[in-house]
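Taking it in order: structure first as structure tokens, then the write-up.
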Amino acid sequence: MIICDDEKMIVQGPITIDNVVDMTQRGKKFFDQPRRVVDLHVITNVDSSVISMMLEWLRAARQQGCQLQFINLPSNLESLVQLYGIEEMIPTIESPQ
């Protein structure tokens, strides 16, 4: 599930091979703003397919003129980003306190 609140896009639930194509398509609908912050703090489960979703979202957002940033990556997702060596490709911001 994806919920949009102003410029924040909150992704909820699992993102695995079973639903990554659907989640990728759903997310692309929200890149109609100049900026989106994708909040991942309530993702319940991920596998490596989440990386392809994030990269596809970045590509699609760029094509639509939307600056996309990620916030609150769960530790298992941070580990995947590091494992694949794509930290420089995934724009993240610190969570406001």
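Residue count for region 66-97 satisfying the condition of being open to solvent by less than 70 Å² (accessible area, probe 1.4 Å) and not in a helix (DSSP H, G or I): 14. Residues in region 10-21 that are surrounded by 14 or more Cβ atoms within 10 Å (Cβ to Cβ), among the aliphatic types (A, V, I, L, M) and over 12 Å from TRP57 (Cα atoms): ILE10, VAL11, ILE15.
Scanning region 64-97 for residues that are without any contact (Cβ under 8 Å) to a residue 12 or more places away in the chain and of a type outside the set (Gly, Ala, Ser) gives GLU78, GLN82, LEU83, GLU87, GLU88, PRO96, GLN97. Any chance region 22-44 includes a residue that's open to solvent by 20 Å² or more (accessible area, probe 1.4 Å) and in contact with a Gly (Cβ under 6 Å, 6 or more places away or on another chain)? Yes - at least one qualifying residue is present in region 22-44.
Table: residues versus (1) at pLDDT below 95; (2) more than 21 Å from GLU88 (Cβ to Cβ); (3) acidic (Asp, Glu).
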residue: VAL21; (1), (2), (3): no, yes, no
residue: ARG26; (1), (2), (3): yes, yes, no
residue: GLN33; (1), (2), (3): yes, yes, no
residue: VAL46; (1), (2), (3): yes, no, no
residue: VAL50; (1), (2), (3): yes, no, no
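The values are calculated or read from the model by the stated rules, or taken from the named source; none is laboratory data. Everything quoted here is computed from the prediction, not taken from an experiment. Positions of Cβ are generated from backbone atoms using ideal geometry, with glycine treated the same way; all protein chains shown enter the neighbour counts. For accessibility, only protein heavy atoms count, side chains too; no ligands or nucleic acids. Shrake-Rupley method; radii C 1.70, N 1.55, O 1.52, S 1.80 Å.
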